[in-house]
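Participant: Have a look at this one.
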Amino acid sequence: MSAALKSEAAAAALKEVRNGMRLGIGSGSTVNELIKLLAKEVAAGLDIIGVPASEASAQLCNQLGVPLTTLDETPELDLCIDGADEIADGLALIKGGGAALLREKIIATASARMVVIADRSKVVDTLGKFPLPIEVVQFGLGATRVKLEQHLKTNGLSGELVLRGGAEAPVVTDNGNFIIDAHLGTIPDPEAFVKGLNDIPGVVENGLFINLAMRAYVAGDDRVEIIER
């Protein structure tokens with residue numbers, strides 16, 4: 001996705017932002033374009049307060065002058081704008097390619113509305129080609145992996161569970177956890193698969209965002225398409 005397309009999707013979603021809003025700000029390269037546009041609006045007088053979903057987003061907001069708060073200070077948000085790695089029917093999403101899925105989901109569920117910004121390549125018929133990120137605690141990784149494999153079999157799925165970054169240099173999230181990427185190929189019934197997934201001891205959160213996004217702004221070559229749930 002080119003920076004221009006990312007900016008187009010971000011600009012379309014930014015029209016939903018109003019004075020006085022408490023805004024959840026996601027993470028990733030498309031959201032970075034949103035932050036740049038948001039900073040210009042703030043400099044021109046837009047009055048908002050944001051809660052960022054990653055340390056990287058927070059750093060960019062601070063650099064560009066977007067005012068920030070925390071969910072401790074502002075536990076309820078009006079709107080969350082975030083990206084996605086895959087978008088399927090009903091605005092079911094896979095997120096977490098940037099390893100920020102836990103904070104992204106906390107912010108999404110703290111928001112009255114969630115909208116997604118992406119490009120057309122992220123729209124799919126069925127979720128799962130993009131590996132599903134699962135955030136796990138570092139302790140007991142092998143045992144957690146076994147339980148995840150059992151969960152796959154129970155749901156009629158198979159695929160490789162890959163520790164992101166590998167055993168020698170695993171990716172550590174902003175929360176101090178690891179990411180296991182489930183290479184499933186397809187998830188025919190995400191709502192069924194997600195049931196019980198977070199109940200596995202060691203699993204902190206997963207990258208399936210179901211029934212959270214209300215609208216998606218999807219940039220293509222000639223226009224921004226709006227997809228409603």
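Bear in mind that the values in this text are calculations on the coordinates, not laboratory data. Keep in mind the model is a prediction, meaning the values are calculated, not measured. Using ideal geometry, Cβ is built from the backbone for each residue, glycine included, and neighbour counts are taken over all protein chains shown.
Participant: Simple spin-label model, 7 Å along Cα-to-Cβ: E228 to D174 in nm?
Facilitator: With each label point 7 Å from Cα toward Cβ, the separation is 3.2 nm.
Participant: Separate question: Testing the spin-label approximation: label points 7 Å from Cα along Cα→Cβ at Q59 and V162. State their distance in nm.
Facilitator: So the label points at Q59 and V162 sit 2.5 nm apart.
Participant: Something else now. Can you give the FRET efficiency for K36 and L68, using 1/(1 + (r/R0)^6), R0 = 25 Å, r = Cβ-Cβ distance, to the nearest 0.05?
Facilitator: Approximately 0.95, to the nearest 0.05.
Participant: What number comes out for the charge environment of L184, summing +1 per Lys or Arg and -1 per Asp or Glu over other residues with Cβ under 11 Å away?
Facilitator: Surrounding charge for L184 is -1.
Participant: Also, I was wondering about something else. Skipping prolines and chain starts, which residues have an amide H placed within reach, meaning under 5 Å, of the one on G220, given they are 5 or more residues away or on another chain?
Facilitator: Answer set, sorted by chain and number: E225.
Participant: Report the trypsin sites (Lys or Arg not before Pro) located in the range 1-109 that are in a DSSP loop and have at most 10 other Cβ atoms inside 10 Å of their Cβ, or state none.
Facilitator: K15
Participant: Which of the three applies to the chain, rounded, prolate or oblate, going by the alpha-carbon gyration tensor with a ≥ b ≥ c and a/c under 1.5 meaning rounded?
Facilitator: Prolate, since a/c reaches 1.5 and a/b exceeds b/c.
Participant: What's the longest piece of the chain with no exposed GluC sites (Glu not before Pro), counting a site as exposed if DSSP puts it in a loop and it has at most 11 other beta carbons within 10 Å?
Facilitator: For GluC sites (Glu not before Pro) (loop position, at most 11 other Cβ atoms within 10 Å), the longest site-free span of the chain is 77-167.
Participant: Label the range 1-68 by shape, choosing from rounded, prolate and oblate, from the square roots a ≥ b ≥ c of the eigenvalues of the Cα gyration tensor; if a/c is under 1.5 it is rounded, and otherwise prolate applies when a/b is larger than b/c, oblate when it is not.
Facilitator: Oblate is the answer for the range 1-68, as a/c is 1.5 or above yet b/c matches or exceeds a/b.
Participant: Counting other C-beta atoms within 10 Å, and keeping those with at most 15, which DSSP coil trypsin sites (Lys or Arg not before Pro) do you find in the range 153-219?
Facilitator: Answer by residue number: K195.
Participant: Still on this structure: When Lys and Arg each count +1 and Asp and Glu each count -1, what net charge do the other residues less than 15 Å away from S57, Cβ to Cβ, add up to?
Facilitator: Residues near S57 contribute 0 overall.
Participant: Taking square-rooted eigenvalues a ≥ b ≥ c of the alpha carbon gyration tensor, is the range 66-179 rounded, prolate or oblate, where a/c under 1.5 means rounded and, failing that, a/b exceeding b/c means prolate?
Facilitator: oblate
Participant: Measuring from label point to label point, each 7 Å out along Cα→Cβ, what is the T154 to T126 span in nm?
Facilitator: Calculated label separation equals 2.2 nm.
Participant: Is any residue of the range 119-155 close enough, with backbone N under 14 Å, to a label point placed 7 angstrom from the Cα of D189 along the Cα-Cβ axis, and if so, which?
Facilitator: Those under the cut-off are 152-155.
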